[in-house]
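Since the structure comes first, as structure tokens, the remarks are kept for the end.
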Amino acid sequence: MTDLPYRTALIVGAGTGISASVARALSTAGLKVALASRTPRKLDTFAAEIGALTFAVDASEPSAVEQLFTEVDVRLGEPEVVLYNVSTRLRGPIVGLDPDEVARALATSALGGFLVLQQAARRMLARGRGAILITGASASVKGFAQSAPFAMGKFALRGLAQSAARELGPHGIHVAHFLIDGSVRSATRPDSQDRTLDPDAIAQTYLDVLRQPRNAWSFEVDLRPWAEPF
């Protein structure tokens, strides 16, 4: 029996790192988990390990996102927890960036977040409960040189989360934004000094937020390793 007040979860933008750690933690806590990405076949081994279902989606396409939720409803049940973990990094000097590539990056990072949140909210409003989690980054609050499209997308997601939290919170839906302020370690980036963020530790914070009583909800949590400057 889970100690979380939810039974089903959908992670959009599933892969290695944060999303995999959150998926494993949710599964361990007893939730049924759905994993969605552009290339779900890459998730087959991990999905089998935790007993998750996989789905294909292009988060920037309204019809694809709508179809994703319809399929999840049928195969898993309406998701009570939805995590948006999608972003696109497009680097380069502002004067040299291709406007079409910038538009595609924003469609994935920002519009995709809106489309997923919209579908999640429609279901959660009918139930009067649910949780929508959005993964942010250092770029959510500070834009770095030659990284304008990434900052634009992450700023937009943070604004979306703020608006949604104020609109949906009074209806029982917990919207939370996680500011990941630092590099996340991986199998190719080991770390014995804790100078990078441990994805399993990040996942623990996500679950801690899901456990919060509604009279003490967090909207934004920022996480960084001890050595990361503010």
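Annotations for the structure displayed:
- Convex hull of the stretch 162-220 built on C-alpha atoms - directionally averaged projected area, nm²: 4.8
- Working note: 222 nm ellipticity from helices only, DSSP H runs with n ≥ 4, each -39,500 (n - 2.57), summed and divided by the residues of the chain, gives -12000 deg cm²/dmol to the nearest 500.
- The aspartates and glutamates whose alpha-carbon is closer than 17 Å to the alpha-carbon of Lys32, local same-chain residues fewer than 8 away aside, are Asp3, Asp44, Glu49, Glu71, Asp73, Glu78, Glu80.
- Within a Gaussian network of the chain (alpha carbon springs, distance under 10 Å), most fluctuating of Glu78, Glu61, Glu101: Glu101
- Ranked Glu80, Glu71, Glu167, criterion: other C-beta atoms within 10 Å, fewest first: Glu167, Glu71, Glu80
- Computed over the stretch 90-158, the ratio Rg/Rh where both radii use C-alpha atoms and Rh is Kirkwood: 1.10
- For the stretch 8-223, size of Cβ-based charge dipole, Lys and Arg +1, Asp and Glu -1, in debye: 180
- Residues Arg129 and Arg41, FRET efficiency given R0 of 30 Å [Cβ-Cβ distance, rounded to 0.05]: 0.35
- DSSP bridge pairs, the stretch 8-223: antiparallel proportion in percent, nearest 5: 5
- The stretch 83-106 and the stretch 173-194: distance between their alpha carbon centers, rounded to Å: 21
- FRET efficiency estimate (nearest 0.05) - Cβ-Cβ, Ile50 to Thr205, R0 22 angstrom: 0.70
- Over the chain, relative contact order from alpha-carbon pairs under 8 Å, at least 6 apart, %: 20
- For the stretch 1-95, diffusion coefficient by Stokes-Einstein and Kirkwood Rh (Cα), 25 °C, 0.890 mPa s, µm²/s: 178
- Dimensions in Å of the stretch 8-223 - Rg and Dmax from alpha carbons: 16.5, 49
- Cα centroid separation - the stretch 1-50 against the stretch 131-150, whole Å: 23
- Distance between the pseudo-spin-label points of Glu71 and Thr28 (7 Å out from Cα toward the beta carbon): 2.9 nm.
- Reachable aspartates and glutamates, given that their alpha-carbon falls under 17 Å from the alpha-carbon of Lys142 and they are not under 8 places away in the same chain: Asp181, Glu220, Asp222, Glu228
- Computed over the chain with a Gaussian network model linking Cα atoms closer than 10 Å, the most mobile of Leu115, Leu125, Leu210 is Leu125.
- Computed over the stretch 7-130, relative contact order equals 27 percent, with contacts defined as Cα pairs under 8 Å that lie 6+ residues apart.
- Since only Ala151, Gln118, Ala64 are under comparison, the one whose Cα sits farthest along the positive direction of the charge dipole of the chain, derived from C-beta charges on Lys, Arg, Asp and Glu, is Gln118.
- For Leu83, the residues whose modelled amide H falls within less than 5 Å of its own, excluding neighbours fewer than 5 places apart on the same chain, are Leu10, Ile11, Val12, Leu133.
- Length-normalised contact order for the stretch 56-126 - Cα pairs under 8 Å, 6+ apart - percent: 43
None of the figures in this text is laboratory data; all of them are computed from the coordinates on show. Predicted model only: the values in this text are computed from it and were never measured. Here Cβ is always computed from backbone atoms with ideal geometry, including for glycine, and neighbour counts include all displayed protein chains.
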